[in-house]
1. Report yes if some residue within segment B:6-19 is surrounded by fewer than 19 Cβ atoms within 10 Å (Cβ to Cβ) and within 9 Å of chain A (Cβ to nearest Cβ); otherwise report no.
2. Residues in segment A:111-135 that are in a helix (DSSP H, G or I) and among the polar types (S, T, N, Q): how many?
3. Do you know which of the residues in segment A:261-300 that are facing another protein chain (nearest Cβ under 10 Å) and touching a residue at least 40 places away in the same chain (Cβ under 8 Å) is surrounded by the fewest Cβ atoms within 10 Å (Cβ to Cβ)?
4. Select the helices (runs of 4 or more DSSP H) contained entirely in segment A:203-315, then report the ones holding at least 3 residues which are in contact with a strand residue (DSSP E or B) (Cβ under 8 Å, 6 or more places away or on another chain) and among the hydrophobic types (A, V, I, L, M, F, W, C).
5. Of all helices (runs of 4 or more DSSP H) completely enclosed by segment B:107-220, which ones contain at least 1 residues that are within 14 Å of chain A (Cβ to nearest Cβ)?
6. Quick check on segment A:95-110. Is at least one of its residues touching a residue at least 40 places away in the same chain (Cβ under 8 Å), closer than 25 Å to residue A:13 by Cβ, in contact with a Cys (Cβ under 9 Å, 6 or more places away or on another chain) and not in a helix (DSSP H, G or I)?
7. Condition first: among the hydrophobic types (A, V, I, L, M, F, W, C) and modelled with pLDDT under 85. Can you find one or more residues in segment B:42-54 that meet it?
8. Condition first: in contact with a Ser or Thr (Cβ under 8 Å, 6 or more places away or on another chain), over 28 Å from residue B:20 (Cα atoms), surrounded by 18 or more Cβ atoms within 10 Å (Cβ to Cβ) and at pLDDT below 90. Can you find one or more residues in segment A:120-136 that meet it?
Amino acid sequence: MSASLFSAQVAEVVSAVLLAPLLTGWVNQCRAWLQNRRGPGVLQPYRVLAKLFGKEVVLAHNASSLFRSAPYFVFGCLALAAAVVPTLATDLPLNAAADAIALVGLLALARFFIALAGMDVGTAFGSLGARREMLVGFLAEPALLMVLFTASLISHSTSLSTIVETLAHRELVIYPSMAFAGVAFTMVSLAENARIPVDNPATHLELTMIHEAMVLEYSGRHLAMIEWAASLKLFVYSCIGLALFFPFGVASGGDWLGLALALPVLAAKLAIGGAALALIEMLSAKMRIFRAPEFLGTAFLLAVLALLVHALLEG
Amino acid sequence: MLAHYGPQLVNLLAAILLLLAFAMLSQRRIISLINLFAAQGLVLFMATVLVATLTGQTHLYGSAAITLALKVFLLPWILHRLIRRLNVKWDVETLVNIPTIMLAGIVLVILAFNLAAPISQLAGTLTRSTLGIALASVLLAFLMMITRSKAVPQVVAFLAMENGLFFAATATVYGMPMVVELGIALDVLVASLILGVFLFQIRSRFDSVDTRHLERLKEH
């Protein structure tokens, strides 16, 4: 019993870690198609990772051990987050390790380490990127929490596994509050994953960059870990979104048949979500950095509205 | 099926109406503002048709048709023509910065929800809980009217306020009598035409459609 649950958990984490670059590749490929380019193919992130792992690490003279260990911390935090979010199955052992609030804390911990590492070497770009990242982070976090609270109010639990089970296994009810929460969540995940209206993921040559500015000093296997972690972050956010708003087709516990069915369902949902993300990125223009607080403030207010609408219409 | 999901759908449309009201509040571009207004009219039309179908109040189909013709096609078309003629496509200036306006908007929503709660207890209609949302959209349109300095957004806000009032009438008492409804529809249409003429007058006088110029009564 517990052995099967444990192996299901391992399967979930391993598939998340292995599939995350594929999602990034798919989003990039969709963007290329929308821009009338052929695109590098969906497997490009794997090639980049393989190349980076084979390269030598170049470190600044004054880089501390924090700088060297931060990529692994970040990757570890996000891998644990991927284990906590019910991607393939609910009721797995690690689902109980952290509820929605602790999950937000886990993501914040990853951000904390990457921002510290950005400041560690002391270059202008690093600390600039780190400050901007914290600016985005402190506005995005409360909005994300409010979105999760809305789902928690509906399902009377802050455990993501329970939320998914409640939302997926009851008869279809239309929740107007979830419409607000959905818009807010989309805005937060665009900001958190350094996507177009807030940050441009395709360049490290802009003065307005956020994420790329922080990781400019990394090279070799460290950069590979950071890139992989960024893919994983996109994957985790997509899975939180799917868990809250489209929680159908998720297996329960260590049911292997259910798991085998849940994988193609998840792949299909992520493919559609990734294409939608590429479309949003194509349709919007990059904002000035000082518009980002306004963008995230709107997300927060929408999430608060979701709570209010829940109290008015569904309470 | 419809009887089960109908009221939930009305609630969803009401929520979208509120969402659009907030989108208008935070919108900087005039063209997007007018498109959002048209979208709000469309949601209003769908909500009215849905309420008409659920309650069997046939006169609501009439008001839904008026809504569709007037608020989705005619008024946005007039407004688009107006901004083309006035050549005002640039960003809307707000008097207060947008995050502050949004915060004020949230406070208004809480106020509206609290005010509407005792009233909707008394109403016996199936859409009574949406009264708070209708009231909130009226107040948000008010807020938009007083925080914009240009005349065109103020006109759009005025029209959006009428949307909120119309939704309040549909939600609480299944719509007003046809005579009243026709009267209001005509009023809004005439008001927007007059405001259009008014805008041209403001512009020819001050070379701008900024209504702050009107605060100065004395000519120098």
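The values are calculated or read from the model by the stated rules, or taken from the named source; none is laboratory data. Quick caveat: nothing in here was measured; it's all calculated off a predicted structure. Virtual Cβ from ideal backbone geometry, glycine too; neighbours counted across all protein chains shown.
1. yes
2. Going through segment A:111-135 one residue at a time, the tally reaches 1.
3. A:293
4. A:256-283
5. Result: B:131-147, B:151-173.
6. No; the residues of segment A:95-110 include none that is touching a residue at least 40 places away in the same chain (Cβ under 8 Å), closer than 25 Å to residue A:13 by Cβ, in contact with a Cys (Cβ under 9 Å, 6 or more places away or on another chain) and not in a helix (DSSP H, G or I).
7. no
8. No.
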